[in-house]
Amino acid sequence: MARALVVGPLRGVDLTLTSGLTVLVGEAECGASTLLRVLAGQQPPDAGVVTGGPSRLLGPPPGDDWHPTDVVVQAFGAAYLVGRRMGEMSSGERQRVRLAAVLAAPAPVLLLDEPLGFLDSAGVGQVFQALKADGRAVLMVCKADGRAMEQADRVVALADGHLNDLG
């Protein structure tokens, strides 16, 4: 998907994503969010190329007046949220809706930047269950969450501008 990317702190990053969950770990300011923006086409690399189908990046929360639909919240068993505005939901409920909206998108690659924030244990379990059942290629940045590494099909580390496969 990415070949020899150079941008910001990234120096020659090569990454191929296949179906399953790839978790990216690294220290703060390692360039993980930059990598996701480049892969999503939101920021051009200074050098290198991104190939592959369209991807969907977990974006900012919808506005307070946005209403989730049945299709969006079905993935996380949160049908009770239908008809409520984002401003009426807790942080965890808003995060579930955001994740469900990303899963509803028809993109072959999902890019998730710290998606487990604000979720309780049940919510985290539902996220992993939904991602594994979905079958698409997923790149999830989780710099400080061992649960993600335990659930991953593959773990990669970003350090000093380079990507290292940890298995």
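Here, each number is a calculation from the coordinates, and none is a lab measurement. Quick caveat: nothing in here was measured; it's all calculated off a predicted structure. Please note: Cβ atoms are built from the backbone with ideal geometry, for glycine as well, and neighbour counts cover all protein chains shown.
So the values come out like this:
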read-out	value
The chain - share of DSSP beta bridges that are antiparallel (%, nearest 5)	40
Cα centre as origin, Lys/Arg/Asp/Glu Cβ charges: the chain dipole, Debye	320
Residue-averaged 222 nm ellipticity for the chain, from DSSP H runs of 4+ at -39500 (n - 2.57), nearest 500	-8000 deg cm²/dmol
